[in-house]
Amino acid sequence: MSKPLIGHLIAGQPYCDNGQRQPLYNPATGAVCGEVLLAQPATVERAIDAAQSAYPAWRDTPPLKRARVMFALKALLEAHADELCELITDQHGKVLHDALGELQRGIENIEYAAGAPELLKGDYSRNVGANIDSWSDMQPLGVVAGITPFNFPAMVPLWMWPLAVVCGNCFILKPSERDPAVALRIAELAQQAGLPPGVLNVVNGGREVVEQLLDDHRIKAVSFVGSTPIAASIYARGSAAGKRVQALGGAKNHAVIMPDADLDNAVSALMGAAFGSCGERCMAISAAVAVGDATADALVARLRTAMAELRIGSGRDNSNDMGPLISAEHRDKVIGYLQTGVEQGAELVVDGRDAQLPAAGYFLGASLFDRVDASMSIYRDEIFGPVLCLLRVPDLAAAMQLIDDHQYGNGTAIFTRDGEAARYFCDNISVGMVGVNVPLPVPVAYHSFGGWKRSLFGDLSAYGPDGVRFYTQRKTVTQRWPSSGVRDGISYSFPS
Ligand code: NAD
């Protein structure tokens with residue numbers, strides 16, 4: 001059977017150039033499952049041209065009509081959910097039930113975008129001066145671009161382009177070159193839903209494509225989600241070129257477990273948040289901070305038991321809890337951290353290399369380190385794999401100090417029955433998204449998603465109300481209609 005070739009989507013049509021082809025792997029088998037075309041510069045040009053040509057008519061299309069495309073797209077995504085989840089699982093590796101959760105969270109962004117007429121209403125003031133009215137309008141920016149990571153190949157693109165296009169922009173999406181199939185398929189379904197040609201274009205590729213998008217003056221704004229070093233460079237390069245940029249980066253998310261926490265609940269929460277999607281989530285909990293040795297000892301004992309029951313295997317088998325990592329290189333990198341952690345003095349309580357794993361594919365079992373401290377690279381770095389580090393602290397203040405001192409500030413959680421402690425934690429912690437007895441506090445589509453510190457470069461978070469602000473620029477009109485025959489004299493003083 002021939003392997004699929006993932007090309008581009010430009011002006012509503014599939015497009016293939018003579019660019020380089022890169023193999024795509026199924027992480028559960030290690031087998032090549034297709035190829036992706038890396039766009040040539042002329043292809044990126046073509047996509048920008050298509051978006052520019054589509055822009056004037058789309059900008060003037062009533063928001064209600066733009067929103068109706070979203071209703072149709074939601075129905076199509078639901079009807080194609082099985083197919084889309086299989087595309088996610090076969091290229092990313094996550095288990096089908098997890099892929100369905102990702103798709104559902106993506107669809108919620110389409111539901112939010114379907115509120116475009118309400119979201120774009122603006123503000124109106126009558127009689128700001130005698131017979132003078134004023135209003136603020138939220139106008140689109142023009143052609144905007146999105147660059148997305150491998151770990152949520154359906155959801156993260158859906159954080160971006162539906163909201164951007166309902167606001168009247170035209171969009172160029174550059175998905176991860178490691179699992180691009182699902183984003184392209186969703187873009188095809190968007191054409192079927194009635195999105196006019198050129199409003200959404202997909203170009204595949206890597207660094208060169210991104211740099212071309214960043215440097216092209218016709219692209220007015222860039223949304224990026226990926227690792228912190230790349231996010232920082234995208235922010236710097238895009239802003240220097242005069243663009244609006246939001247660049248979301250990596251994370252090290254801490255869960256604080258207080259001595260009074262419901263430990264059964266905390267352990268279940270930690271298992272899902274640390275090892276779901278093989279730890280390849282920017283909101284994964286990768287550091288558990290136990291307050292007091294008794295809490296730490298109890299946690300370690302329960303985690304060890306729960307980890308022995310983890311079902312690891314192909315994402316196509318919905319009875320599994322955890323699939324493979326994205327690539328052989330990434331698995332080797334995570335294994336490297338297991339070795340470094342031991343060398344640096346942490347106690348490897350559960351070693352994922354000892355797990356029973358399928359023979360092929362990029363599998364690695366879940367690992368637990370105890371007695372980790374803040375100097376160790378397993379704690380300082382984002383490992384992005386199924387590795388949970390446990391740190392022991394004497395009190396909540398010490399736990400909060402650790403979190404505040406970390407370079408990342410994406411998500412965090414506290415497990416406790418003490419409302420006063422939880423409220424203090426929420427109020428004072430230097431992190432953008434906080435959970436109380438909720439391990440993955442990913443905001444719903446009608447809030448916004450964004451970390452602090454080196455987890456987000458830019459002023460606005462992704463999607464939700466911040467997304468509307470990001471994809472629009474405010475224009476304020478002040479207007480009067482003087483009665484005919486009535487003429488004002490000249491005034492040289494500032495109007496007040
Ligand atoms: P990545 O940074 O390697 O790649 C992200 C995107 O950038 C891809 O489309 C890739 O093609 C492109 N890219 C890669 N190198 C580039 C370069 N040198 N110049 C320009 N573009 C480049 O990230 P990844 O490995 O695909 O995804 C995992 C990372 O994303 C993790 O760090 C994770 O925490 C982060 N992430 C963050 C969030 C968030 O919301 N903060 C969400 C999901 C993932």
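Each residue of segment 415-423 was assigned a 3J(HN,Hα) from its phi angle through the Karplus curve 6.51 cos²θ - 1.76 cosθ + 1.60 (θ = phi - 60°); the sequence is 10, 6, 10, 9, x, 5, 5, 5, 5 Hz, with glycine and proline shown as x. The length gained by stretching the chain between Ala236 and Ala79 to full extension, at 0.36 nm per residue less their Cα-Cα distance, is 52.4 nm. Segment Asp373..Ala42, full-extension length gain: 114.1 nm, with 0.36 nm per residue of separation and the alpha-carbon distance subtracted. Taken over segment 37-134, the convex hull of the Cα atoms encloses 162 Å³ per residue.
Between the residues Met322, Ala398, Cys282, the greatest Cα displacement towards the positive end of the dipole of segment 253-436, with unit charges on the Cβ of Lys, Arg, Asp and Glu, is found for Met322. Over the chain, the alpha carbon radius of gyration divided by the compact-protein estimate 2.2 N^0.38 Å works out to 1.06. Each peptide among 101-108, 176-183 gets the average number of other Cβ atoms lying within 10 Å of its residues, and from highest to lowest they stand as 176-183, 101-108. Peptides 414-427, 376-389 ordered by packing proxy, namely the average of other Cβ atoms within 10 Å per residue, highest first: 376-389, 414-427.
Here each label is just a point 7 Å from Cα along the line to Cβ, and for Val342 and Arg68 those points are 6.4 nm apart. Cross-link pairs exceeding 32 Å in C-alpha to C-alpha distance, out of Lys65/Lys252; Lys3/Lys65; Lys3/Lys252; Lys121/Lys243; Lys3/Lys220; Lys3/Lys174, comprise Lys65/Lys252; Lys3/Lys65; Lys3/Lys252; Lys3/Lys220. Rounded to the nearest 20 debye, the dipole size of segment 253-436 about its Cα centre is 460 debye, using +1 on the Cβ of Lys and Arg and -1 on the Cβ of Asp and Glu.
Couplings 3J(HN,Hα) of segment 286-295, computed from phi: 10, 10, 9, 10, 8, 8, x, 5, 5, 4 Hz, in residue order, whole Hz [Karplus 6.51 cos²θ - 1.76 cosθ + 1.60, θ = phi - 60°; x for Gly and Pro]. Return one number: the angle in degrees, 0 to 90 and rounded to the nearest 10, between the long axis of the Cα atoms of helix 228-240 and the longest principal axis of the Cα atoms of the chain. That helix lies at roughly 20 degrees to the long axis. Under the simplified labelling scheme, the Asp427-Glu208 pair shows an inter-label distance of 5.6 nm, with each label point 7 Å from Cα along Cα→Cβ.
Assuming charge only on the beta carbon of Lys and Arg (+1) and of Asp and Glu (-1), the dipole of the chain about its Cα centre is about 1700 debye to the nearest 20. Treating the angle as unsigned and between 0 and 90°, give the value, to the nearest 10°, between the Cα long axis of helix 63-79 and the longest Cα principal axis of the chain. It works out to around 30 degrees.
Run the accessible area of the chain with a 1.4 Å probe and give the carbon-and-sulfur part as a rounded percent. About 51 percent, which is the carbon plus sulfur part of the accessible surface.
Packing order of peptides 19-27, 82-90, 463-471, highest average first: 463-471, 82-90, 19-27 (average count of other Cβ atoms within 10 Å over each peptide's residues). Compared with the alpha-carbon gap, the fully stretched path from Trp481 to Asp405 is longer by 21.6 nm at 0.36 nm per residue. Farthest toward the positive end of the dipole of segment 253-436, out of Ala359, Val267, Leu310, is the Cα of Ala359, where the dipole comes from beta carbon charges about the Cα centre.
Could you provide, to the nearest whole Å², the per residue accessible area of segment 253-436 with probe 1.4 Å?
It amounts to 38 Å² per residue over segment 253-436.
The values are calculated or read from the model by the stated rules, or taken from the named source; none is laboratory data. Since this is a predicted model, take the numbers as computed values, not measurements. So basically every Cβ, Gly included, is an ideal-geometry build from the backbone, and we count neighbours across all protein chains shown. These accessible areas exclude ligands, DNA and RNA; they are computed on the full protein's heavy atoms, side chains included. Shrake-Rupley method; radii C 1.70, N 1.55, O 1.52, S 1.80 Å.
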